[in-house]
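In what follows, a structure is listed as structure tokens, so that the remarks can point back to it.
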Amino acid sequence: MPHDNERRRRSLVDVEIRVGVLGSKVDHPSAQRLTAEQHERLRAEARTLQWVVRERRHRAEWADLLARVEVLVERVEQLEPVAEVDVPVQSRGSDDRVARRRLGDGPPVVSYPSANRGC
């Protein structure tokens, strides 16, 4: 049946795309700083792909993809979630500067009427 073959090819391509996206996530430097929740989500995504591909392992065209997914699952399992993400002081901003602006100690805000408005 041509329809079934087309659907199978589409399914294979869809899963290949998902495997590529997961591989990109694992390769990204931020994967080394995942919180416990983020790690669990990534692990669940990898395990789901593993299940999907294993269900089709009897098809020859899925063999390469199965090997890639197995490697990704291992790589995700080796990632260690961080206990707490530390935000550097310079990223937080200065609370003092924010407080002065709220109290009106900062530079004045000047607004000019729009040229399109009638006066």
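Rounded to the nearest whole Å², what accessible area per residue is found for the stretch 1-57 with the 1.4 Å probe?
71
Roughly speaking, what is the centre-to-centre gap between the stretch 1-44 and the stretch 46-76 when only Cα atoms are used, to the nearest Å?
What the calculation gives is 10 Å, centre to centre.
Would you tell me the accessible area of Thr48, worked out with a 1.4 angstrom probe on the heavy atoms of the protein chains, in Å² to the nearest 10?
70
Give the carbon-plus-sulfur fraction of the accessible surface of the stretch 1-70 in %, rounded to a whole number; probe 1.4 Å, heavy atoms of protein chains only.
C and S atoms contribute 52 percent here.
From largest accessible area down, sort His28, His58, His39; use a 1.4 Å probe on the protein chains.
His58, His28, His39
Taking 0.36 nm per residue of sequence separation and subtracting the Cα-Cα distance, how much length would be gained by fully extending the chain between Ala44 and Arg8, in nm to one decimal?
10.6 nm
Describe numerically, in nm with one decimal, the distance between label points set 7 Å from Cα along Cα→Cβ at Gln78 and at Arg56.
Going from the Gln78 label point to the Arg56 one covers 2.7 nm.
The values are calculated or read from the model by the stated rules, or taken from the named source; none is laboratory data. For clarity, every value in this text was computed on a predicted model and none was experimentally measured. Note that we place each Cβ from the backbone using ideal geometry, even for glycine, and neighbour counts take in every protein chain shown. Ligands, DNA and RNA are stripped out before the accessible areas are found, and what is left, the full protein with its side chains, is counted by its heavy atoms. Shrake-Rupley method; radii C 1.70, N 1.55, O 1.52, S 1.80 Å.
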